[in-house]
Amino acid sequence: MAVRVLLVDDEAMFRAGIAMVLGSQADLEVVGETGDGAEVVARVAELGPDVVLMDVQMSRVDGVAATRALVEHFGDDCPKILVLTTFDLDEAAAAAIEAGASGFLLKSAQPDFLLAAVRAVASGNQVVAAGATRQLWERFRARPTLPPGPEYAALTEREQQILQRTAQGLSNAEIAEQEFLAVGTVKTHVSRILTKLDLRDRVQLVIYAYQHGLI
């Protein structure tokens, strides 16, 4: 089935261009669009998209507030959110990720990268604009850390090891090789870690690790 995408951007011409790019792919479908962040929750409830492609800077309700509203309203049923920004890394992009977005990319990104990014977040992976990954994690690492709570203690020793490997940016295949595990076993561990820590995806897992000084 095609990945269903909702476009959220207050520039109609930009939405039209993105819709054209996405619509050219058999496995992607633009199911709707809006130029107002305040309408996002209602539009998601109406259309049921898999991915929300969201401008982080909008005049009325910005992408950070709209992301937070989606996560709070839909919880575990929230669609994946990929935010768009004009800059390599700004506070808005970082705040959107903390609010629950699965990543961000530049509005100037090449069409092929945009398509790959939408597919990646739909599959549960994270996407960070090229060149901004180190800056992003350095920003979170520079913040004061808090000791992990009882949810971390609920992880098994193996799960804690997998968490650290994942937070270091290793893929499932790389973790499997280093820990002498099957890739499927690693995927199961990551899924259980996310559930126990009440995290949505690997991006949130990395933030959690930095916030609690685990890496």
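For this structure, a couple of remarks:
- Residue (of 126, 49, 5) at the positive-pole extreme of the chain, dipole from beta-carbon charges: 126
- Working from the Cα coordinates of the chain, the gyration tensor eigenvalues give, after taking √(5λ), semi-axes of 30, 18, 16 Å in decreasing order.
- Karplus-derived 3J(HN,Hα), 6.51/-1.76/1.60, for each residue of the range 147-156, Hz, glycine and proline x: x, x, x, x, 5, 6, 5, 6, 6, 6
- Taking Cα centre as origin and charging only the Cβ of basic (Lys, Arg, +1) and acidic (Asp, Glu, -1) residues, the dipole magnitude of the chain rounds to 520 debye.
- Inter-centroid distance (Cα atoms) of the range 1-25 relative to the range 61-127, Å: 14
- Gain in span if fully extended, residue 157 to residue 212, counting 0.36 nm per residue against the direct Cα distance: 18.1 nm
- The HN-Hα couplings worked out from phi for the range 94-104 by the Karplus form 6.51 cos²θ - 1.76 cosθ + 1.60 (θ = phi - 60°) are 4, 5, 5, 5, 4, 6, x, 5, 8, x, 8 Hz, whole numbers, x standing for Gly and Pro.
- Mean residue ellipticity at 222 nm, helices only, the chain: -15000 deg cm²/dmol; runs of at least 4 DSSP H residues each add -39,500 (n - 2.57), and the sum is divided by the number of residues.
- Within the listed set 170, 82, 197, the Gaussian network model of the chain (springs between alpha-carbon atoms below 10 Å) gives the highest mean-square fluctuation for 170.
- Inter-probe distance in nm under a simple model that places probes 7 Å from Cα toward Cβ, at residue 196 and residue 68: 3.0
- Taking the DSSP bridge list for the chain and keeping only pairs wholly inside it, about 0 percent are antiparallel.
- Cross-link partners for residue 187 among the lysines, with Cα-Cα distance under 19 Å and sequence neighbours closer than 8 places in the same chain left out: 80, 196.
- According to the Cα-based calculation, Rg over Rh for the range 28-99 is 0.93, with Rh computed by the Kirkwood formula.
- Cut-off under 5 Å, modelled amide H: who pairs with residue 3 long-range: 28, 29
Every read-out reported here was derived from the displayed coordinates using simple, explicitly stated rules and does not represent laboratory data. Just so we're clear, the structure is a prediction, and the values are computed from it rather than from any experiment. Backbone-built Cβ (ideal geometry, glycine too); neighbour counts: all protein chains shown.
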